[in-house]
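This report refers to the structure that appears directly beneath it.
The values are calculated or read from the model by the stated rules, or taken from the named source; none is laboratory data. Everything numeric in this text was worked out from a predicted model, so none of it was measured. Glycine also receives a Cβ, built like all others from the backbone with ideal geometry; neighbour counts cover every protein chain displayed. Just so you know, the surface numbers come from the protein's heavy atoms only, side chains and all, with ligands and any DNA or RNA stripped out. Shrake-Rupley method; radii C 1.70, N 1.55, O 1.52, S 1.80 Å.
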Amino acid sequence: MEQNKYLSILKQYWGYPSFRGIQEEIIHDIASGHDTLGLMPTGGGKSICFQVPALAMPGLCLVITPLIALMKDQVQQLRQRGIKAEAIHSGMAHEDIVRVLDNCILGDYKFLYVSPERLGTSLFRAKLIRIPRISMITVDEAHCISQWGYDFRPSYLHIADIRQLLRTPAPILALTATATPEVVADIQKQLRFAQQNVHSMSFERKNLIYVVRHTESKIQEIIHILDNVPQGSAIIYIRSRQLTRDIAKELIENGISATNYHAGLSHAERNARQADWTNNKIRVMVATNAFGMGIDKPNVRLVIHYAAPDTLEAYFQEAGRAGRDGQTSYAILLYDKSDLAVFPRRVSLNYPPIDFIRNVYESLCYYLEVGIGESEGRTYLFSLEEFCQRFRVFGATANNALILLNNAGYIEYTPENEFTSRVQVLLHKEELYSLRSSDPLADIVLTALLRNYTGLFAEAVPIEEAYLAQQTGHTPTEVYLTLKQLAHQQVIRFIPHRSTPTITFTQPRVETERIELPASVYLDRREDYIRRSQHILQYIQSTNQCRSRMLREYFGEEDVQDCGQCDVCLQRHKEGKSPTPPLQRAKDAILHLLTDGEPYPISQLNALPFSAETIYAALHELADESIVFFHDDTLQIKP
């Protein structure tokens, strides 16, 4: 009976005839009140796992996610299906957050999406205890709670605390696409699971062919690849904003339709470019990693990395945006000699010296005019570009210093805070009602504004172009341009949506010399970053290990077979070679960790994607062969 109930909800709201993968197992466990962790690769259908049971359960489902764009998109999709949903995030005005929380207290809402930064605020906690019933807590991107995760966010540590504030107990559903065994264990510990409970899908993507290619001319290689895979869409990931423009321009000059995307573009520009790509008007999206979260385009045939990301977790997630429809697709990573040399420099870029971090804090206080002991709880708009110009610091390093200050608890740094559009009517009611525009769309938009929003004559009221578009039957771009036109005619005041960095002082300003970064924020994370870098370097440089196998073993899968279709497998087949046995792969992996000649802690070998027995056997073989020796709990190459 229970199973029929969930299947009926799936068919009614989503039109799917059945669940897939581990969705049904997760739904059964969370609906039975069990804390549950779902490990589901990109495209595995995570949202179904909490949306279906939440609709079957009394009360409100609290969804915690750091992805504001995804948050807005899912709320809009739920509303379009007739499901009552709201969202609050750091870019909203205080009165809007109060309104949304009051709606959830008084109305029969089913979903409230919350950014993790809101969880620790007194306002949210005061309102949360008044919500009649929380059915379940969903934690998206759950790896962010683990200091061993590749994208640790201290704000996630508030999640376990809010369970104590609920009127009735509510189970937690944690979801992530990328987590090593170490992170899987830590997620459950940090969220205080009553008992361990993990459902995991295989990381195997049978339709996705992994390729690593050395080239001296990346742009010519990209053009060659696009010409040889002529069908479907493509994403090219670039680490530099400027380079996204340059590569897109060169592709266009070679007859390939392309556009670029990065966080520095306006909200309207990003929406328009994403829409053109989604609707197949543009074939290739050349983008930084700002593009992709929540993208579910089925016919992406190519994901090309112009340069490797910092970690295998990031690479797997980005590569996984290809082939969502199950058709053969390619994940191609390009590299040259300079790329390999850059990895050691990335360490100091991501973890600059402590003195540099202290100087950034002091400069930030001068920039924002904050005195010693001042500004606790105060939020400031912040321009990283202007800050770096004034104090002559490199943007990427300064940005990472601010992130570390954030993680250490001195500030809350939001690099891209979303501020919603606002509209105020400038005419008196009588003037407005007697106004007849020569543009019928302007009349339609004005009518929709007055019907759906109150207080427009008194102040600038938050509005959403996407919601107005839904109400008027026009596109968000058409609504945006109409609002701009009405503002030009001085009928309304229109403040467009914008993304602006913000700095909030979470404690009063302290003397610069008192700035300290705990080991869990700096030294431990730096060592972990170095270890992760070694894994992706090994992935790039390996010529005798199956790519898919390396990725799957990294995420803890055992007894993994070669894929038979990546560049390494095809080359080995061509040469008539059999797959490398696990023991040899373990020996190769250990030797790779020792390539810099420095002692390596034996305890950290447990992070390698092999069983303890295989690592033990590999160590003893290497020692017996006089290749390595042990000294003070470390492993070293014999001179």
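Tabulated results
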{"item": "Kirkwood hydrodynamic radius of region 449-574, from inverse mean 1/r over distinct Cα pairs, in Å", "result": "21.6"}
{"item": "Cα centroid separation - region 460-487 against region 281-338, whole Å", "result": "32"}
{"item": "Accessible-area composition of region 489-580, carbon plus sulfur, in percent [1.4 Å probe]", "result": "46"}
{"item": "Of 127/189; 72/127; 249/281; 5/110; 72/281, those spanning more than 19 Å from alpha-carbon to alpha-carbon", "result": "127/189; 72/127; 72/281"}
{"item": "Region 24-48 versus region 509-551: alpha-carbon centroid distance in Å", "result": "29"}
{"item": "Region 200-248 - Rg (one decimal) and Dmax (whole number), Cα, Å", "result": "13.9, 40"}
{"item": "Reachable aspartates and glutamates, given that their alpha-carbon falls under 14 Å from the alpha-carbon of residue 46 and they are not under 8 places away in the same chain", "result": "24, 25, 140, 141, 296"}
{"item": "Volume of the Cα convex hull of region 183-329, divided per residue and given in Å³", "result": "143"}
{"item": "Residue-normalised accessible area of the chain, given per residue in Å² at a 1.4 Å probe", "result": "45"}
{"item": "Nearby aspartates and glutamates by direct alpha-carbon distance to residue 577 (threshold 20 angstrom, same-chain neighbours under 8 apart not counted)", "result": "559, 562, 567, 588"}
{"item": "Volume per residue of the C-alpha convex hull in region 171-213, rounded to whole Å³", "result": "94"}
{"item": "Cross-link reach list, lysines versus residue 638, counting only Cα pairs under 23 Å and skipping chain neighbours closer than eight places", "result": "587"}
{"item": "Globularity ratio of the chain, using Cα Rg and 2.2 N^0.38 Å", "result": "1.02"}
{"item": "Helix-only [θ]222 nm of the chain, DSSP H runs n ≥ 4, -39500 (n - 2.57) each, per residue, nearest 500", "result": "-13000 deg cm²/dmol"}
{"item": "Calculated diffusion of region 78-128, Stokes-Einstein form, Kirkwood radius summed over Cα pairs, 25 °C and 0.890 mPa s, µm²/s", "result": "217"}
{"item": "Radius, Kirkwood style, for region 68-152 when every pair of distinct Cα atoms is counted (Å)", "result": "13.9"}
{"item": "Relative contact order for the chain, counting Cα pairs under 8 Å that sit 6 or more residues apart, in percent", "result": "12"}
{"item": "Net dipole in debye of the chain [+1 Lys, Arg Cβ; -1 Asp, Glu Cβ; about Cα centre; nearest 20]", "result": "1540"}
{"item": "Peptides 22-34, 210-222, 121-133 ordered by average Cβ neighbours within 10 Å, highest first", "result": "22-34, 210-222, 121-133"}
{"item": "Net charge of Cβ neighbours under 12 Å - reference residue 482; Lys, Arg +1; Asp, Glu -1", "result": "-3"}
{"item": "At most 16 other Cβ within 10 Å, DSSP loop - trypsin sites (Lys or Arg not before Pro), region 42-114", "result": "81, 84"}
{"item": "Directionally averaged shadow of region 90-240, computed from the convex hull of its alpha-carbon atoms, nm²", "result": "13.5"}
{"item": "Sites matching GluC sites (Glu not before Pro) across region 567-639 that sit in DSSP coil, with at most 16 neighbouring C-beta atoms within 10 Å", "result": "575, 625"}
{"item": "Stokes-Einstein translational diffusion, region 391-487 - Kirkwood Rh over all Cα pairs, 0.692 mPa s, 37 °C, in µm²/s", "result": "202"}
{"item": "Apportionment of accessible area to carbon and sulfur, region 1-159, percent (1.4 Å)", "result": "50"}
{"item": "Cα-derived Rg over Rh, computed across region 123-172 with Rh taken as Kirkwood radius", "result": "1.02"}
{"item": "Potential lengthening between residue 500 and residue 207 on full extension [0.36 nm per residue; Cα-Cα distance subtracted]", "result": "101.5 nm"}
{"item": "Portion, in percent, of the accessible area of region 214-368 that falls on carbon or sulfur, probe 1.4 Å", "result": "47"}
{"item": "Ratio Rg/Rh [Cα only; Rh per Kirkwood] for region 1-102", "result": "0.98"}
{"item": "All-pairs Cα distance distribution in region 355-430, expressed in whole percent, bin size 5 Å", "result": "3, 12, 23, 23, 13, 6, 5, 5, 4, 3, 2, 0, 0"}
